[in-house]
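> Structure provided below as structure tokens; questions to follow.
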Amino acid sequence: MTVFGCRACVTALTVPVSKVALPVHAHQKYGNGPGSLDPVLEPGTFAVDPLPSGPPWRRWEELEPGEAEALGWYAPRFSIPDGPAGRVLLAPGDVRSAVIDPALAGDTGCCGLDGSQPNMRCATCGTPVATRIDDCGLRNAVWLDPLTSHVIDDGRGPHSILDWTDLIDQRPGIAPAEPDGAWDPMWVAAAASALAHLLAASGGHPIRIPDQRVATILQPTLDRLAAPVSTGPERTLVLAGPGIPAAGGDLALVPQHPQTGELWPVDPSLKPVPLAWDAWRHVAFHRDPKPVGRSAPIPPEAPPPLIPHSRLEPDGRIFLNVLARLPEVSQPWLRAVYERGRPYNYSYYIFGP
Ligand SMILES: [Zn+2]
Ligand SMILES: [Zn+2]
């Protein structure tokens with residue numbers, strides 16, 4: 001089991017937890033409604049952000065020449081995170097012996113804690129060890145600071161690693177529709193990330209998507225973004241992964257393992273385009289219920305529709321964030337797509353009508 005503790009006094013700061021891959025929606029900000037979003041992680045798990053993340057933030061214009069590329073950014077940003085690499089994400093309920101210090105919380109949040117600086121202290125010795133986030137529109141989270149916390153007991157923890165077959169049986173994924181019929185925020189994030197990877201892998205060629213479900217998620221935005229600037233022969237995007245027969249194509253939408261982060265291995269002739277497991281599982285295996293005849297009464301609490309009625313608008317922040325970290329964004333045509341986010345300071349992206 002893995003337990004994290006305070007570096008200064010060795011107090012345990014978490015319950016035993018198991019490592020999972022950092023989800024694409026780990027840093028998501030979504031919507032304008034009151035309250036924070038559900039935690040990204042399941043109880044009993046943790047994820048590590050291997051890249052510098054969180055505050056302080058450095059303005060792009062103040063970076064030295066070549067510094068951005070050295071830090072893994074290939075297109076301009078308003079600012080980039082210069083916090084420590086290796087921050088540890090947890091569900092807040094798994095944290096122990098750390099308390100929020102109002103004096104550290106800052107006043108930049110809206111309704112809650114926005115995570116602008118570490119705001120939780122070790123309850124034993126008072127060292128700032130973590131950042132609690134619960135502001136409106138943000139994912140409920142605790143991020144442990146790797147400079148003041150570390151692993152004090154190492155092991156697998158409560159969740160064993162599932163193989164791909166077990167994943168299909170035991171991890172059904174997240175339904176696309178929320179009870180009100182809107183797209184689930186995870187899908188909005190997963191589609192944004194997949195879209196950025198797909199554009200980078202396409203090399204600027206038009207993309208054909210024969211699978212109707214995949215097309216529902218990606219085609220409308222692809223048409224708006226890439227169709228006007230794509231040239232050359234078509235590239236075909238097929239679905240690939242456990243439990244489905246291999247299909248011929250140029251690009252493959254493959255699942256990312258939610259625990260190990262590995263991508264489903266495909267033939268070298270296919271370029272993999274990763275999609276979060278919790279979305280991929282639904283795309284690959286969920287089938288719409290058979291239509292019910294008109295004479296059948298509608299049950300009072302009908303389940304939400306599988307595919308929401310509205311068009312999926314991918315998360316613009318996550319799209320820009322993922323794209324800016326792919327070296328392919330240096331290609332002029334893709335840089336032009338990226339630059340359409342410019343009026344929004346490279347922080348938002350409006351995909352257009
Ligand atoms: Zn608020
Ligand atoms: Zn301590």
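> Of all residues in the range 163-183, count the ones that are touching a strand residue (DSSP E or B) at 6+ places or on another chain (Cβ under 7 Å) and of a type in the set (D, E, K, R).
Residues flagged as touching a strand residue (DSSP E or B) at 6+ places or on another chain (Cβ under 7 Å) and of a type in the set (D, E, K, R) within the range 163-183 amount to 0.
> Hey, among ASP114, ASP180, ASP107, which residue is outside the structural domain of ALA252 (by TED's automatic domain parsing), under 23 Å from the mean Cα position of the chain (by Cα) and in a loop (DSSP other than H, G, I, E, B)?
Of the residues listed, the single one that is outside the structural domain of ALA252 (by TED's automatic domain parsing), under 23 Å from the mean Cα position of the chain (by Cα) and in a loop (DSSP other than H, G, I, E, B) is ASP114.
> So which residues in the range 131-171 are of a type in the set (S, T, N, Q) and under 29 Å from ASP101 (Cβ atoms), if there are any at all?
Of everything in the range 131-171, those that are of a type in the set (S, T, N, Q) and under 29 Å from ASP101 (Cβ atoms) turn out to be THR131, ASN140, THR148, SER149.
> Tell me, yes or no, whether the range 309-321 has at least one residue that is surrounded by 19 or more Cβ atoms within 10 Å (Cβ to Cβ), within 19 Å of GLY66 (Cα to Cα) and not assigned by TED's automatic domain parsing to the domain that holds GLY31.
yes
> Further, regarding this structure: Here is a list of conditions, (1) in contact with a helix residue (DSSP H, G or I) (Cβ under 7 Å, 6 or more places away or on another chain); (2) in a strand (DSSP E or B); (3) more than 16 Å from ligand 2 (Cβ to nearest atom); (4) among the aliphatic types (A, V, I, L, M), and LEU89 meets all of them except one; can you say which number that is?
Every listed condition holds for LEU89 apart from (1).
> Need the failing condition index for VAL238 against (1) buried (at least 21 other Cβ atoms within 10 Å of the Cβ); (2) touching a helix residue (DSSP H, G or I) at 6+ places or on another chain (Cβ under 8 Å), just the number.
Evaluating VAL238 over (1) buried (at least 21 other Cβ atoms within 10 Å of the Cβ); (2) touching a helix residue (DSSP H, G or I) at 6+ places or on another chain (Cβ under 8 Å) leaves (2) as the failure.
> Which ones in the range 126-178 are among the polar types (S, T, N, Q) and crowded, with 16+ Cβ neighbours inside 10 Å?
If the condition is that a residue be among the polar types (S, T, N, Q) and crowded, with 16+ Cβ neighbours inside 10 Å, then THR127, THR131, ASN140, THR148, SER149 are the ones that fit.
> Out of everything in the range 103-116 that is closer than 13 Å to ASP135 by Cα and touching a residue at least 24 places away in the same chain (Cβ under 8 Å), what residue ends up being surrounded by the most Cβ atoms within 10 Å (Cβ to Cβ)?
Taking the candidates together, the pick is GLY115.
> Collect the residues in the range 241-263 that are over 25 Å from the mean Cα position of the chain (by Cα) and surrounded by fewer than 20 Cβ atoms within 10 Å (Cβ to Cβ), keeping them in residue-number order.
Matches in the range 241-263: PRO245, ALA246, ALA247, GLY248.
> While we're on this one: State which residue is modelled with the lowest pLDDT when the search covers only the range 99-114 and only residues that are in contact with an Asp or Glu (Cβ under 9 Å, 6 or more places away or on another chain) and within 14 Å of ligand 1 (Cβ to nearest atom).
Once the filter is applied, the top-ranked residue is THR108.
The values are calculated or read from the model by the stated rules, or taken from the named source; none is laboratory data. Given the structure is predicted, the values throughout are model-derived calculations rather than measurements. Positions of Cβ are generated from backbone atoms using ideal geometry, with glycine treated the same way; all protein chains shown enter the neighbour counts.
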